[in-house]
Amino acid sequence: MKIIVCLKQVPAKDAPLRLAAGSDGRATAIREDVSFEMNEPDAYALEAALRLKEACLARQESGEVAVLTVGPARAAQMLREALAKGADRALHIETPSGAELDSHAIAVAMAAGLQSENFDLILTGLQSDDAGYAQTGLLLAENLGLPHATIIMKIEPHAGGLRVKRELEGGRFQWLELPRPALLTIQSGIDKLRYATLLGIKQAKNKPLARLELSALGVSPGSNRLAVARLAMPEKTKATEMLAGTPAEMAAALAQKLRQLHLVP
Amino acid sequence: MSSVCLLAEQSGGKLNPITLEVLSAAQTLAGAAGLPVRALVLCGADETQAADALAGYALDKVIRVAHARLAPYVAESHLAAALAALAACGSDPLVLLPHTYQTRDYAPRLAARRGQGLITDVTALRWRESRLECSRPVYGGKLAAEVYLRAGPAGFYSLQAGAFPQPPAPAARPVPIEDFAVEIPAPRVLAEAPFQEARQSVDLSQAAAIVAAGRGIKEAKNLEMIRQLAAQLGAEVAASRPLCDSGWLPMDCQIGSSGQTVAPRLYVAIGISGAIQHLVGMKGARTIVAINKDPEAPIFEVADYGLAGDLFAIVPALISALNAA
Ligand SMILES: Cc1cc2nc3c(=O)[nH]c(=O)nc-3n(C[C@H](O)[C@H](O)[C@H](O)COP(=O)(O)OP(=O)(O)OC[C@H]3O[C@@H](n4cnc5c(N)ncnc54)[C@H](O)[C@@H]3O)c2cc1C
C-alpha cells in the first residue's frame, strides 16, 4: 500500500504567541519567532500510516509512506522528523516566507504536487492547531476526485478497500467502507505516537526529500478564497475573579471561597 | 446575492437544536441586508417532519429534499442533494450551516463545488460595508481572527454551537414547504449505523463536583494528586482529551464535544487550556475554577475563579488548605 501523509508545521502548543505588527497597525499574523512543531492530528495521521505500512510489510506486501507539506523553509525540519520516525520519502512544496495560504490554496498546491504520484491512500490531520479551518483534507479529496471519510479513529484494510471507524459527537462512532484510493482525515488518539529512534534519525539523513517551489505550481496567496482582516486577543466577556498571591495564598483564598459556597463536603 | 439560506441539520426527523441557533443568525443577517431567509432540509424518506418544525419560524420558505439515500447520512449523497437544491435558493445565496461533525464532513466539498469559500467555526458575524466579517477562534482559542470571503459575501459559513443563543423569531404568517426532487447516484462510501462505544462506567453528567486534569499535569503519575484533591471535594475525576488519548484515564472520563457534557455545581480545571471542544462540555457548570500557568489561557474566560500559576505548587497547597479545616 502506498500512503501519502500531509503534514503542517504549527507553533508549539506552549509557545507564547505575539501579534506581528501589520501595515496599518492591524495585526493579521503572529510573530514567527516562536518554536514550531508538527500539527498534533497530523502526527497521529503519520503514526496511522506507519502502522498500516508495517502491517503490509508483515504480510509480505509492499508498503510505502511519503510525507508532504506546503510550508516555508523551516518546515523541512518537520519532514526530517517524519523521515526519522519511519516515512520513506518527503516532498516539500516550499512557500515564500510570510506567505499565508488558506486551505483552498494549500489543497490546490498539494493536488498539483501529487500529479505524478500513484497512491492508495492519503491521510491528513482533521484540522490544524493554528487556523483550524478543518478543510485542507476534504479540499484535497475534492481536487483529486477521491472518496473521503473524516475524524477517523481506526483503519482496517478490507476486501481491496478500507473499513474505517469515524468518531461522532458525544462518544459515538460509526463504521464506513471505502474503495481505494481514498482520503481520510485522522483524529488525535488513533494510536499511540512513537518517538524517533537514534537509528531512525541517522537513516533519515539519507532519505529523499524533494523540493518544489509553490510558484512553479501556479499557486500564490492570490489563490486564497479567505482573507484575515485582523487578528487580536479574544474579547473578555466573563468577569473572572483572579486570585492573587503565592500558591499558598491563592490556595487559601480558594479554599475559603469554596467553603463559603458550601462546595466543600 | 439573493437570499440567506440555512442548511438545516436533522436526524431521525428531529432538528439538531443548533439548527435553530443558525436560523436566528440567518434572520438577523437577512434582516440587516433586506434579504429573504430560506431553509434547506435534507432528510431521509421518513424524516420529513423536520421541515414542519422549521416552518414554525419566520422564513420565506422551507425547501425539503427527501430521498432514501439521505438516511443514514453519507457525505457524497448529502453533497449531491445540497448542490442540486441550492440552485433552488436563488442565485448565489449566502449559506449558513452549523459547525458540527456532519458539516465538517461535507461542507468544504460543497463550497468547493460551487467555486466558493467556507469560513468554519464562526462565533460572530458583522457587516462591515459590503464585507461580511466573521470572528473565529484560532490557535486553540488563544487568539481571535476576523475573516471574510475575498470574492464577496456569497458563500458558506458554519457557526459554532452556543455562539448565537437567541431563539429565532416565530412565523407571523404560514411558511410554505416546497418539495424539491433530486437524483442521488449510489455513493462510493457505505455507512453503518452510529453506535455508542461502551456503557459509561461513571455517568459524569450526574456528578455534583468534578476535578478535571489536562495535559499540564505532564505525567500519568501526577493524577495521584488530582485524585487526592477530588476526594477532598467529594468530586469525580475527569480529563481533557489528550489524557484519555494517552490512555492515562478511560475515555469515559473525557469531557467535551467528543466525550461527556457535564453541569456540576463545581468544576475545577487543572492544566487545561480551554479549547472550544473542551469548553462545550463543561461551561454549564455552576462554579468553575481554573488553575493554569498561562494567565492568557482561554479557560480563564469561562472561569469564576482563576489561579494563574504552577499547578505543581498550587494543587498541593490547595490540598493542605482544604485539610486545615
Ligand atoms: C473534533 C474534535 C473533538 C475534540 N473533542 C474534545 C473533547 O471532547 N474534549 C477535550 O478536552 N478536547 C477535545 N478536543 C481537543 C481540543 O481541541 C484540545 O486539543 C484539548 O482540549 C487540549 O487539551 P488540554 O487543554 O489538556 O491540553 P493543552 O491545550 O496542551 O493545554 C495544556 C495547558 O496546561 C497548562 N500548563 C502546562 N503546565 C502547567 C503547569 N505546570 N501549571 C499550570 N498549568 C500548566 C498550559 O498553560 C496549557 O494551557 C477535540 C478536538 C477536535 C478537533
If one takes the accessible area of chain A alone plus chain B alone and subtracts that of the pair, with a 1.4 Å probe, what total in Å², rounded to the nearest 100, results?
-> 7200 Å²
With the full set of protein chains in place, find how many percent of the accessible area of the range B:2-103 is carbon and sulfur; take the probe as 1.4 Å.
-> 53 percent
Karplus couplings for the range A:164-176 from phi (6.51 cos²θ - 1.76 cosθ + 1.60, θ = phi - 60°), rounded to Hz, Gly and Pro as x?
-> 10, 9, 9, 7, 10, 5, x, x, 9, 9, 7, 8, 10
Looking at the range A:174-241, which trypsin sites (Lys or Arg not before Pro) are DSSP coil and have at most 10 other C-beta atoms within 10 Å of their C-beta?
-> A:LYS205, A:LYS236
Report A:MET233's accessible area, 1.4 Å probe, all protein chains in place, as a number in Å² to the nearest 10.
-> 100 Å²
How large is the helix-only mean residue ellipticity at 222 nm for chain A, computed as the sum of -39500 (n - 2.57) over DSSP H runs with n ≥ 4, divided by its residue count, in deg cm²/dmol to the nearest 500?
-> -8000 deg cm²/dmol
Give a residue-ordered list of calculated ³J(HN,Hα) values for the range A:235-250 (Karplus: 6.51 cos²θ - 1.76 cosθ + 1.60, θ = phi - 60°; whole Hz; x for Gly, Pro).
-> 5, 7, 10, 9, 7, 8, 8, 8, 7, 10, x, 6, x, 5, 5, 4
If you build a Gaussian network model of chain A, linking Cα atoms that sit under 10 Å apart, which residue out of A:GLY137, A:GLY170, A:GLY98 swings the most?
-> A:GLY170
Search the structure for amide H atoms under 5 Å from the amide H of B:ASN16, placed 1.01 Å from N in the peptide plane, and list their residues when 5 or more places away or on another chain.
-> B:GLU9, B:GLN10, B:SER11
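Test of understanding: given chain B, find the longest segment containing no GluC sites (Glu not before Pro) that are in a DSSP loop and have at most 10 other Cβ atoms within 10 Å.
Longest run free of exposed loop sites: B:1-128.
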Looking at chain A, send over the antiparallel percent of its DSSP beta bridges, to the nearest 5.
-> 35 percent
How crowded by other chains is A:123-132, given as the mean number of beta carbons from other chains within 10 Å of each beta carbon?
-> 3
Normalised contact order of chain B, rounded percent, pairs of Cα under 8 Å and 6 or more residues apart = 15 percent
Given the pairs A:LYS2/A:LYS85; A:LYS165/B:LYS142; A:LYS236/B:LYS218; A:LYS85/B:LYS221; A:LYS85/A:LYS192, which span a C-alpha to C-alpha distance of over 19 angstrom in this model?
-> A:LYS165/B:LYS142; A:LYS236/B:LYS218; A:LYS85/B:LYS221
Sequence-distant or interchain residues sharing an amide H contact under 5 Å with B:ILE119, placed H: which?
-> B:PHE156, B:TYR157, B:SER158
So what's Rg/Rh here for the range A:2-223, counting alpha carbon atoms and using the Kirkwood radius for Rh?
-> 0.96
Using a 1.4 angstrom probe on the protein heavy atoms only, line up B:SER11, B:SER240, B:SER257, A:SER23 by accessible area, largest first.
-> A:SER23, B:SER11, B:SER257, B:SER240
Could you state the principal axis extents of the C-alpha atoms in the range B:239-325, from the largest down, to the nearest angstrom?
-> 37, 26, 25
Which whole number gives the average, over all residues in A:146-159, of C-beta atoms from other chains lying within 10 Å of the residue C-beta?
-> 2
So how strong a dipole does chain A carry about its Cα centre when Lys and Arg Cβ are +1 and Asp and Glu Cβ are -1, to the nearest 20 debye?
-> 460 debye
Accessible area (Å², 1.4 Å probe, nearest 10) - A:MET250 | 10 Å²
Report the extension gain between B:ASP294 and B:TRP127 in nm, rounded to one decimal, defined as 0.36 nm multiplied by the number of residues separating them, less their alpha carbon distance.
-> 56.7 nm
With +1 on each Lys and Arg Cβ and -1 on each Asp and Glu Cβ, and nothing else charged, work out how big the dipole of the range B:4-179 is about its Cα centre, in Debye to the nearest 20.
-> 400 debye
Short version: ³J(HN,Hα) in whole Hz for each residue of the range A:259-265, in order, from phi by Karplus 6.51 cos²θ - 1.76 cosθ + 1.60 (θ = phi - 60°), x for Gly and Pro, what are they?
-> 5, 4, 8, 6, 9, 10, x
Candidates B:VAL189, B:VAL237, B:VAL289; GNM for chain B (alpha-carbon contacts under 10 Å) flags as most fluctuating B:VAL189
Mean Kyte hydropathy of -1.0 or more with a Cα span along the axis of at least 30 Å, helices from DSSP in chain B = none
In vacuo Debye sum over C-alpha of the protein assembly as shown, base-10 log of normalised intensity I(q)/I(0) at q = 0.06, 0.07 Å⁻¹, listed in q order, is -0.32, -0.43
Using the heavy atoms of the protein chains alone and a 1.4 angstrom probe, what is the accessible area of the protein assembly as shown per residue in square angstrom?
-> 41 Å²
Interchain or long-range residues, amide H under 5 Å from A:PHE36's placed H | A:ALA12
How many angstrom separate the Cα center of the range A:74-134 from the Cα center of the range B:1-32?
-> 35 Å
Longest segment of chain A with no GluC sites (Glu not before Pro) in a DSSP loop having at most 14 other Cβ atoms within 10 Å?
-> A:118-234
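Residue by residue through B:96-108, how many Cβ atoms from other chains fall within 10 Å of the Cβ on average? Write out the running numbers ahead of the final one.
Working: counts 0, 0, 0, 1, 2, 10, 3, 1, 9, 9, 3, 3, 15.
Counting Cβ atoms of other protein chains within 10 Å of each residue's Cβ and averaging gives 4.
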Quick calc, the range B:204-324, dipole around Cα centre from Cβ unit charges on Lys, Arg (+) and Asp, Glu (-), nearest 20 debye, gives 140 debye
Degrees, to the nearest 10: A:103-113 long Cα axis against longest axis of chain A | 20 degrees
Can you list which of the trypsin sites (Lys or Arg not before Pro) found in the range A:1-37 are DSSP loop residues with at most 15 other C-beta atoms within 10 Å?
-> A:LYS13, A:ARG18, A:ARG26, A:ARG31
Within the range B:161-247, trypsin sites (Lys or Arg not before Pro) in DSSP loop having at most 16 other beta-carbon neighbours inside 10 Å | B:ARG188, B:ARG199, B:LYS218
Run the accessible area of the range A:1-114 with a 1.4 Å probe and give the carbon-and-sulfur part as a rounded percent.
-> 50 percent
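The values are calculated or read from the model by the stated rules, or taken from the named source; none is laboratory data. From a predicted model like this one, the values you see are computed outputs, not experimental measurements. Every residue, glycine among them, receives a Cβ derived from its backbone with ideal geometry; neighbour counts consider all protein chains shown. Protein only, heavy atoms only, side chains kept; ligands, DNA and RNA dropped before computing areas. Shrake-Rupley method; radii C 1.70, N 1.55, O 1.52, S 1.80 Å.
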